[in-house]
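Everything below concerns the one structure shown next.
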Amino acid sequence: MGFLRFLIPEPQQLLPGALTRAYVAGLDGIPWECRRTFADGVLSIERDVRESGNLYFPWLVKEQGELTLCTASLMEREKPYHLTVELARGTLNRLRNQVDQWESGGATIPDECRQLTHEATLALAQAAIGQSDTRTADQQASRSIDLAMRAIDIVCRDYCQQVLDARRREQPVMSALLGCRLDQVPDGAAAEAFVAGFNTAVIVPSWPNLATRAGEYQWDELDQQVQWCRDAGLRICMGPLVQLDRASLPDWLYLWEEEFDELENSVVEFARAIVQRYLGRVHLWNCAGRMNVPGVMDLSEEQRLRLTVDLLELVRSLDPRTPTIVSFDQPWAEYVADREQELTPLHFADTLVRGELGLAGVALEMNFGYAPDGTLPRDALEISRQIDRWSQLGAPLVAVITLPSRGDADSAARSQAKVLPGLADGRVTPDWQRDVVQWLVPLLMARQPVQAVLWNQMRDDVPHDFPHGGLFDTQGKPKPALEAISELRRKLLG
C-alpha cells in the first residue's frame with residue numbers, strides 16, 4: 001500500500017465535495033484507484049502502488065471558479081505535504097514548462113504573462129520557505145495559484161490566436177467540422193441559427209423510439225432529420241449508433257442482459273438496419289459511445305470492448321468508404337479513481353487503434369463542470385496537455401463538448417449529473433457559458449490533431465442528458481453561446 005498525505009490548514013475553505021473528487025495519477029495522467037480519508041487536517045490518499053504521483057484536486061481559483069489543479073510529481077514520505085504549496089508548485093511548473101516549449105517552437109509570449117509568472121514565482125518562494133507558519137504559507141501559495149492561473153489564461157488565448165492566424169495564412173478557410181447534436185428538425189429562426197453556427201449535424205438514433213419491438217422500425221423522425229440536413233447542406237455525423245445508457249436502450253433489450261450472445265446479436269442487427277438505410281447519406285459514422293464506462297447493463301470491460309469491435313467491423317463491412325469513429329466519455333478517466341478498472345479510456349482506444357479495424361478517428365466526450373458522470377473543469381493548459389496525450393494514438397481527434405448555462409436543478413435532464421456548485425464560483429450563467437465557448441472552441445480548433453468540434457446537446461426544452469447544457473434554453477430561445485459559435489464559424493471556417 002502506498003500513501004500520499006497532505007496538510008490542509010483551512011479545510012473550511014475547500015469546495016463542497018472536493019475531498020471526494022481528489023485523486024492521484026501517474027505521469028501519464030491516468031488515475032490510480034484511490035481510498036481517501038481526512039482527519040486532523042490531513043488528507044490521506046491510499047493506493048495499491050508505491051510510485052510517485054501527481055495529486056489532482058478541485059480548487060477555487062479567483063475570478064475563474066472551480067478548476068482541477070495538479071501538483072508536481074510527489075514521492076511518498078511520512079511528513080504530510082502542504083496542499084496549497086504543492087498545488088501552486090505544480091501549477092507554476094505546468095505554466096513554465098509549456099511557455100518554454102511554445103517559445104522554443106517560435107511563439108511569442110505576452111509580456112503580461114511573463115510578469116504574472118514572475119510574481120507567482122516570488123509568492124511560491126515565500127510560501128515554500130515559510131511553511132512553518134502554515135496559514136501564511138497557505139495565503140502566499142493561494143496568491144501564487146491565482147497569479148499563475150491568470151498567466152495561463154493569457155498565454156493560452158494568445159498562443160491559440162497565433163496558431164490560428166498562421167494556419168489561416170496557409171489555408172484561408174479551415175476544413176474542420178463544427179457541429180451540434182440535432183435533437184429534432186428545427187424550424188424558423190432556430191433552423192437559421194443552427195445553419196449559421198454549424199457546418200455539421202450530429203444525429204443520434206434513439207433505439208427506444210426506432211424499435212419499440214425487436215426488428216420493427218419506425219424511421220419517420222430520423223428520415224426527416226437526415227433530409228433536413230441534406231437540404232440545408234450540412235454534413236451528417238450519425239451516432240453513436242449504440243450507447244449503453246438508460247435512455248439509449250429499449251426496455252425489451254434488458255431481457256438479454258444475462259445472455260450476452262443474444263444481446264450482441266440485437267446490438268449488431270440494430271446498427272445494421274441504420275447503416276443500410278442511410279448508406280451514402282452520412283459523412284461520418286460514430287459506431288459506439290461511452291463503452292469505456294460501465295453502463296446500465298452489467299457487462300464486463302471485455303464484453304463492452306467486444307461490442308465496440310463488432311460495431312466497427314459491421315460499419316466498415318457495409319460502408320468501407322465513410323470514416324468511422326468511436327467516442328470515449330470522461331477522457332481524463334476520473335471515474336477510475338473510484339472503481340477497479342483495467343482499461344482506461346486511452347488504453348481502450350489504443351486497443352482499437354492497434355487492432356487495425358479501420359478506425360478513422362477517436363472522439364473525446366468532455367461534458368465539463370458536471371459530477372458524477374461528467375468531466376471535472378480544467379484550465380486551457382490542462383486541456384491542451386490532454387489533447388497531446390491522446391494525439392499519441394496517431395489518429396485524428398474529435399472533441400465533443402458541453403457546458404452548463406445555469407447551476408440549478410433541471411427536471412428534463414436524464415442523467416444523474418449535477419452542475420458543480422463551485423463552477424464559475426457559483427455564478428453559472430448563459431454569459432459565462434458564452435465566455436468559455438469563446439476560448440475553448442478556438443483552443444480545440446488550434447490543435448492540429450483535432451479535426452472536429454461537436455456540441456453535445458442542442459436544446460434544454462426537450463429531454464436531454466446534462467442540466468442546462470444546450471444552446472437553446474427552456475423556452476426554445478438561443479443562448480449567447482450559440483451566437484459566439486456562429487461568430488467563430490464565420491471567422492475560422494468562412
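Checking Val296 against (1) touching a helix residue (DSSP H, G or I) at 6+ places or on another chain (Cβ under 6 Å); (2) buried (at least 17 other Cβ atoms within 10 Å of the Cβ); (3) not in a helix (DSSP H, G or I), only one condition comes out false. Which one?
So the condition that Val296 fails would be (2).
So how many residues does segment 26-45 have that are outside any loop (DSSP other than H, G, I, E, B) and in contact with a helix residue (DSSP H, G or I) (Cβ under 8 Å, 6 or more places away or on another chain)?
The qualifying residues number 4.
Please give the number of the condition Leu343 fails out of (1) surrounded by 21 or more Cβ atoms within 10 Å (Cβ to Cβ); (2) under 20 Å from the mean Cα position of the chain (by Cα).
Among (1) surrounded by 21 or more Cβ atoms within 10 Å (Cβ to Cβ); (2) under 20 Å from the mean Cα position of the chain (by Cα), the lone unmet condition for Leu343 is (1).
Here are Gly65, Gly53: which of them is out of contact with any Asp or Glu (no Cβ under 7 Å at 6 or more places or on another chain) and surrounded by 21 or more Cβ atoms within 10 Å (Cβ to Cβ)?
Gly53
In the same structural domain as Asp183 (by TED's automatic domain parsing), buried (at least 20 other Cβ atoms within 10 Å of the Cβ) and under 19 Å from Ala349 (Cα atoms): is that true of Val400 in this structure?
yes
In a loop (DSSP other than H, G, I, E, B), closer than 21 Å to Val400 by Cα and among the small types (Gly, Ala, Ser) - does that describe any residue in segment 156-176?
yes
For Leu4, work out the one condition from (1) out of contact with any helix residue (DSSP H, G or I) (no Cβ under 6 Å at 6 or more places or on another chain); (2) not in a strand (DSSP E or B) it doesn't fulfil.
(2)
Restricting attention to segment 57-94, report how many residues are touching a helix residue (DSSP H, G or I) at 6+ places or on another chain (Cβ under 9 Å), free of Cβ contacts under 8 Å to residues at least 60 places away in the same chain, under 19 Å from Asp138 (Cβ atoms) and not aliphatic (A, V, I, L, M).
3
Would you call Leu305 more than 30 Å from Gly188 (Cβ to Cβ), without any contact (Cβ under 8 Å) to a residue 60 or more places away in the chain and assigned to a helix (DSSP H, G or I)?
Numbers: more than 30 Å from Gly188 (Cβ to Cβ): yes; without any contact (Cβ under 8 Å) to a residue 60 or more places away in the chain: yes; assigned to a helix (DSSP H, G or I): yes.
Here the answer is yes, as Leu305 does meet what is asked.
Taking segment 449-484 as the search range and keeping residues that are surrounded by fewer than 23 Cβ atoms within 10 Å (Cβ to Cβ) and of a type in the set (A, V, I, L, M), which one is nearest to Val398 (Cα to Cα)?
Result: Val450.
The values are calculated or read from the model by the stated rules, or taken from the named source; none is laboratory data. Note that the structure is a prediction, hence the values are computed from the model and not measured. Here Cβ is always computed from backbone atoms with ideal geometry, including for glycine, and neighbour counts include all displayed protein chains.
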